[in-house]
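Encoded as structure tokens, the structure appears first; notes follow it.
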Amino acid sequence: MGLDHTDVLVIGAGAGGAAVAWRLATAGIQVTCLEQGGWVDYAQVPSFGQDWELARQTTHHPNPNIRRLPVDYPIDDTDAAIKPLLYNAVGGSTIHWGAHFPRLRPSDFRVRSLDGVADDWPISYADLAPFYDENDRIMGVAGLAGDPGNPPRPKRPMPPLPLGRGAEVMAGAFDRLGWHWWPSDVAINTIAYGAGRGVCNHCGPCDLGCPVKARSSTDVTYWPLALNAGARLITGARVFEIETDPTGRPVGAAWYDAEGTVQRIGADVVILAANGIGTPRLMLLSTSSRFPNGLANDTGLVGKRLMHHPTGMVTGVFDEPLDGFKGPFACSILCQEFYETDPARDFVRGYQMQLVRSDGPLGTACGGYLPRVPWGAGHHDAFLEVFGRTASLTVTTEDLPREENRVELHPTLTDSFGVPAPKMIYSLDRNTQAMIRHGIASATRAFQEAGAIRILPQDLVVQAGFHLMGTARMGDDRDTAVVDGLCRAHAADNLMVVDGSVFVTVGALNPTPTIQAVALRAAEALIRDRRQIRPGAARSAA
Amino acid sequence: MITDSLRAALETLLPGDGRFPGAAAIDLVDRMSGIDHLHPAVAIASKHLPADMADRSASERTRLLQAWETDDPEGFGGFVIAAYSAYYTHPTVLAAIEAATGYAARPPQPAGYALAPFDDAVVAVPRRHGKRWRDT
């Protein structure tokens with residue numbers, strides 16, 4: 001079969017798209033994936049050069065509005081309290097992620113039943129557990145089983161990362177306070193694991209792309225397996241419409257190739273995996289007489305309920321070198337002492353505190369983990385006081401869904417091909433603000449216990465829109481959800497969504513393992529029930 | 001002349017001392033002009049800075065920058081980030097940091113860094129904690 005038709009079309013080659021493409025291809029289903037970006041050339045990653053930190057601030061910044069690469073699309077974030085961070089490449093945002101790899105907890109799927117807020121998911125932790133396990137195997141996970149803070153899970157494939165001095169100091173403080181902590185599950189090789197991949201050498205800036213291929217990204221994990229199983233991946237494909245038949249049923253997609261020529265491909269099933277901004281953007285772009293407000297948008301919920309993990313940050317300055325620039329920047333230990341709802345607090349739900357290491361010289365000076373080093377006469381003394389002597393705790397909170405937080409199409413802004421750009425509208429509610437305040441107080445207490453000589457809190461990290469979720473939510477009720485529990489659109493069952501858009505609620509933990517487990521579960525269901533893939537059968541059954 | 005104004009502003013932001021070079025000593029204006037991503041911030045600064053910035057006293061230059069920071073924190077912040085971005089990736093500055101702290105003036109790869117392996121004994125206390133997650 002040529003390029004004009006495929007059984008399943010996947011749009012987006014990131015965390016969810018790669019997982020679903022691999023699983024379908026291994027089941028003998030013809031899969032084609034369209035990816036806007038290209039393959040990362042690991043011989044060219046900036047961490048080999050003296051200007052590596054400059055690249056972090058410019059060409060490799062996680063915010064596409066700062067990076068401004070030709071492959072990116074702009075995002076209007078003027079009305080957004082948190083700025084968007086995402087990447088367009090084979091591997092998607094796993095190219096620049098920190099690879100912190102926690103699972104959601106069982107309570108995260110039952111927030112309405114347990115705490116009376118938001119909505120329950122139509123699926124449970126138990127439904128996802130075998131897919132979490134399978135995903136761990138493919139991505140490769142380093143960690144330590146036996147955490148009393150989470151449901152039992154199999155022995156991790158690899159031992160935990162080295163803690164480093166900062167984590168050792170903070171672990172001792174947590175112990176003295178009686179607060180629970182545990183070494184983080186991370187998608188980073190601490191021993192040899194996976195074909196063609198190396199072992200972490202603790203260089204630090206995982207976000208620049210890992211040339212050792214120790215830090216997992218789906219271009220080095222799922223994609224080689226998927227391509228070997230027969231999946232087809234087309235890069236430089238800027239999809240601008242999901243095409244439908246007169247009944248509104250998706251029949252394929254139209255995209256611009258790298259030369260700007262319009263291409264088309266037919267498909268029996270279309271799977272969107274373009275992240276919590278890109279997916280609703282594409283659905284809203286794909287209007288028809290059946291769906292005048294965007295594809296499968298009978299509910300008007302496409303693009304709405306945008307959730308992040310609003311993040312506060314507290315940094316402790318110590319009177320000893322901690323050498324936090326050594327080791328993966330985002331990963332070491334995790335404290336979930338304040339994760340579950342406590343009626344004694346002035347907020348519902350909770351937060352995690354994740355220890356992050358420290359930056360190189362430029363990152364230290366510019367701020368991020370700590371406030372920007374002041375300019376002027378005292379600048380160099382202020383720099384030397386903090387450089388290499390800090391550790392930081394994120395206060396990663398659970399955002400609750402609100403329809404006013406949303407992604408919509410911008411009326412005038414477009415990408416370089418003239419495709420309307422998305423606009424984010426986002427603000428924090430009082431519950432989240434209270435949670436951040438509590439978290440900053442907790443993290444401050446931990447640094448006091450640890451003996452920090454200065455403690456520097458930040459209420460809200462603005463450049464922290466790394467988790468984009470909720471904009472095409474899952475649910476059993478077709479009147480209040482865009483997709484069902486198997487990620488199929490209620491309004492078109494051969495349309496699926498397998499990225500963070502489907503999250504009903506988001507917990508307070510990094511979402512990638514859950515995105516991938518949900519994608520694998522959706523793929524399994526599609527394999528089991530192939531009627532959508534045989535158009536004749538599908539149409540007669542409809 | 002705007003280049004002189006820019007040079008004076010950068011030297012006010014990042015003056016030299018016995019350990020670190022000042023912005024002028026490493027010709028930070030020239031370095032910034034060679035980095036495309038920094039041009040917008042430089043353009044904003046060029047519009048904002050008075051033409052006679054270089055002729056002002058040190059205290060007056062500081063006051064002018066403080067006033068800009070107060071009036072337009074985002075624009076000024078962009079200029080500071082751009083200045084730091086050029087300064088803290090300059091080989092002379094990195095050598096100064098190495099001399100002051102021992103941090104090696106080399107990129108992270110390919111050498112990486114050595115860290116002691118994880119020691120299971122560190123979880124002795126949390127391992128004894130009771131169950132901390134809710135059943136559903």
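Yes or no, residue by residue, for (1) within 18 Å of the chain's Cα centre (by Cα); (2) assigned to a loop (DSSP other than H, G, I, E, B); (3) at pLDDT 95 or above:
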| residue | (1), (2), (3) |
| --- | --- |
| A:Gln50 | no, yes, no |
| A:Leu69 | no, yes, no |
| A:Asp79 | no, no, yes |
| A:Ala89 | yes, yes, yes |
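Would you check if A:Leu24 is more than 12 Å from chain B (Cβ to nearest Cβ), in a strand (DSSP E or B), on the phi < 0 side of the Ramachandran plot and crowded, with 20+ Cβ neighbours inside 10 Å?
Judged against the criteria, A:Leu24 is not a match.
Any idea which of B:Ala114, B:Ala100, B:Ala96 is at pLDDT 95 or above, in contact with a Lys or Arg (Cβ under 9 Å, 6 or more places away or on another chain), facing chain A (nearest Cβ under 8 Å) and assigned to a helix (DSSP H, G or I)?
None of the other options fit; the residue is B:Ala100.
Answer with yes or no whether B:Val80 is farther than 28 Å from B:Gly34 by Cα, at the interface with chain A (Cβ under 9 Å from one of its Cβ atoms) and surrounded by 19 or more Cβ atoms within 10 Å (Cβ to Cβ).
No, not satisfied.
Please enumerate the residues belonging to segment A:285-315 that are surrounded by 22 or more Cβ atoms within 10 Å (Cβ to Cβ) and among the small types (Gly, Ala, Ser).
Across segment A:285-315, the qualifying residues are A:Ser286, A:Gly294, A:Ala296, A:Gly303, A:Gly312.
So B:Asp71 fits all but one of (1) in contact with a helix residue (DSSP H, G or I) (Cβ under 8 Å, 6 or more places away or on another chain); (2) more than 8 Å from chain A (Cβ to nearest Cβ); (3) of a type in the set (Asp, Glu); what number is the exception?
Status for B:Asp71: all satisfied but (1).
Kindly evaluate A:Asp175 against the criterion of being more than 12 Å from chain B (Cβ to nearest Cβ), charged (D, E, K, R) and either crowded, with 24+ Cβ neighbours inside 10 Å or within 29 Å of A:Arg445 (Cα to Cα) (or both).
No, not satisfied.
So which strands (runs of 3 or more DSSP E) stay within segment A:148-265 end to end and still have 3 or more residues that are touching a strand residue (DSSP E or B) at 6+ places or on another chain (Cβ under 6 Å) and within 25 Å of A:Leu295 (Cβ to Cβ)? Lay out the reasoning, then the answer.
Numbers: elements: A:181-183, A:232-235, A:238-244, A:250-256.
Once the strands (runs of 3 or more DSSP E) in segment A:148-265 are filtered for at least 3 residues that are touching a strand residue (DSSP E or B) at 6+ places or on another chain (Cβ under 6 Å) and within 25 Å of A:Leu295 (Cβ to Cβ), what remains is A:232-235, A:238-244, A:250-256.
I'd like the full set of residues that are in contact with a Pro (Cβ under 6 Å, 6 or more places away or on another chain) and either surrounded by 22 or more Cβ atoms within 10 Å (Cβ to Cβ) or among the acidic types (Asp, Glu) (or both), limited to segment A:367-388.
Residue satisfying the conditions is A:Gly388 alone.
Of all residues being in contact with a helix residue (DSSP H, G or I) (Cβ under 7 Å, 6 or more places away or on another chain), part of a helix (DSSP H, G or I) and away from chain B (no Cβ under 14 Å) in segment A:105-138, which is surrounded by the fewest Cβ atoms within 10 Å (Cβ to Cβ)? Just the residue, please.
A:Glu134
For (1) out of contact with any Leu (no Cβ under 9 Å at 6 or more places or on another chain); (2) of a type in the set (Gly, Ala, Ser), each residue gets a yes or a no:
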{"residue": "A:Ala13", "(1), (2)": "no, yes"}
{"residue": "A:Ala21", "(1), (2)": "no, yes"}
{"residue": "A:Cys33", "(1), (2)": "no, no"}
{"residue": "A:Gln36", "(1), (2)": "yes, no"}
{"residue": "A:Gln50", "(1), (2)": "no, no"}
{"residue": "A:Gly92", "(1), (2)": "no, yes"}
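If I filter segment A:318-353 down to residues being aliphatic (A, V, I, L, M) and within 14 Å of chain B (Cβ to nearest Cβ), which single residue comes out as nearest to A:Leu400 (Cα to Cα)? Reasoning before the result, please.
Taking segment A:318-353 as the starting set, the residues that turn out to be aliphatic (A, V, I, L, M) are A:322, A:330, A:333-334, A:344, A:348, A:353.
Applying the additional criterion that residues be within 14 Å of chain B (Cβ to nearest Cβ) yields A:322, A:333-334, A:348, A:353.
On the way: A:Leu322: 36, A:Ile333: 25, A:Leu334: 22, A:Val348: 10, A:Met353: 18 Å.
In this case the residue turns out to be A:Val348.
Take the residues of segment B:34-56 that are within 23 Å of B:Gly16 (Cβ to Cβ) and within 14 Å of another protein chain (Cβ to nearest Cβ): which is surrounded by the fewest Cβ atoms within 10 Å (Cβ to Cβ)?
Checked segment B:34-56; the qualifying residue surrounded by the fewest Cβ atoms within 10 Å (Cβ to Cβ) is B:Gly34.
Working carefully through the options A:Thr59, A:Thr32, find the one that is in contact (Cβ under 8 Å) with a residue 12 or more places away in the chain and away from chain B (no Cβ under 14 Å).
A:Thr32
The values are calculated or read from the model by the stated rules, or taken from the named source; none is laboratory data. Fair warning: this is a prediction, and the values are worked out from it, not measured in the lab. Backbone-built Cβ (ideal geometry, glycine too); neighbour counts: all protein chains shown.
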